[in-house]
Amino acid sequence: MADDMVNVDARTAVPTGTDAGTGAGTDAGTGAGTETGIAADARDGDAVSRFVERFAAQLTEAGMQRMAARVFAQLLASDGGAMTSAELGEALRISPAAVSGAVSYLTQVNMVSREREPGSRRDRYVLHNELWYETFTRRDQVLTLWEKTLREGAATLGTDSPAGARVAETAAFFEFMQGEMLGLMDRWRAHKATIGLG
C-alpha cells in the first residue's frame, strides 16, 4: 500500500525528458544537514551526492519517476529546502528540460511548490514545510473518494455476490486506512515536538 501511495498521480505526470548524466554533482552549498551539525562548506560533497542518488534510487523502486526522484532527493538534501532550476541542473548534471519535467511532476503531486525569488525573475522550487503530513492528508482525500465509489460499486453489484463482497471489503480496507493514517500523523506531530523537531 505504501508503494502505491507514492505513485497515485503518476499517470498525470509530465515526461521528465532526457537525463544528461547519471552522476550527481557536488553542491556543497546545498548539501544535506546532519544531526552532527556539519557546516555546509565542510561537508563531503561526494558523500552528499551518494546519499542523494541512493535515496532517489529507492524512491524510483517505490514507483516515483526517476528524474523526479533525483530532484526531490536533491531538494531534501539542501539546507534551505529550495533551489532554482539552474542550481538543480548543476547539482545533478542534468539538462534544463530534465529539470522542468521533474519539477512539473513534483508540483502536480504536491511534493514541491514554485516560488518567485524576491527581486528576481527566477523561480525557486521549494519543499513544503510539513511535506509528509501534507502528502498523507491529500492521500486521505483520495481514499475518501475511492471508498465512496467502491461502496456505490458494492451496492450495484450486490454485497451478497462474490464481486460485491470483494468490492465492499476493499472499501472497508480504505476506510480503515483513513483512520489509521490520520491517527498516525497526529501521533507523529506530537512525537516530533518531544524530540525537538516541532
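Numerical summary
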| quantity | calculated |
| --- | --- |
| Any hit, region 83-104, residues being under 30 Å from Arg187 (Cβ atoms), polar (S, T, N, Q) and in contact with a helix residue (DSSP H, G or I) (Cβ under 9 Å, 6 or more places away or on another chain) | no |
| Spans of helices (runs of 4 or more DSSP H) in region 1-89 with at least 1 residues modelled with pLDDT under 65 and assigned by TED's automatic domain parsing to the domain that holds Val103 | 2-6 |
| Within region 53-87, tally of residues that are without any contact (Cβ under 8 Å) to a residue 40 or more places away in the chain and hydroxyl-bearing (Ser, Thr, Tyr) | 1 |
| Matching option when the condition is in a helix (DSSP H, G or I) and at pLDDT below 90, among Thr144, Thr156, Thr149 | Thr144 |
| Search result, residues across region 155-187 that are under 17 Å from Arg139 (Cβ atoms) and in contact with a helix residue (DSSP H, G or I) (Cβ under 7 Å, 6 or more places away or on another chain) | Thr170, Ala171, Phe174, Glu175, Met177, Gln178, Met181, Leu182, Met185 |
| Subset of region 109-122 (residues that are at pLDDT below 90 and surrounded by 14 or more Cβ atoms within 10 Å (Cβ to Cβ)) | Val109, Asn110, Met111 |
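The values are calculated or read from the model by the stated rules, or taken from the named source; none is laboratory data. Quick caveat: nothing in here was measured; it's all calculated off a predicted structure. Backbone-built Cβ (ideal geometry, glycine too); neighbour counts: all protein chains shown.
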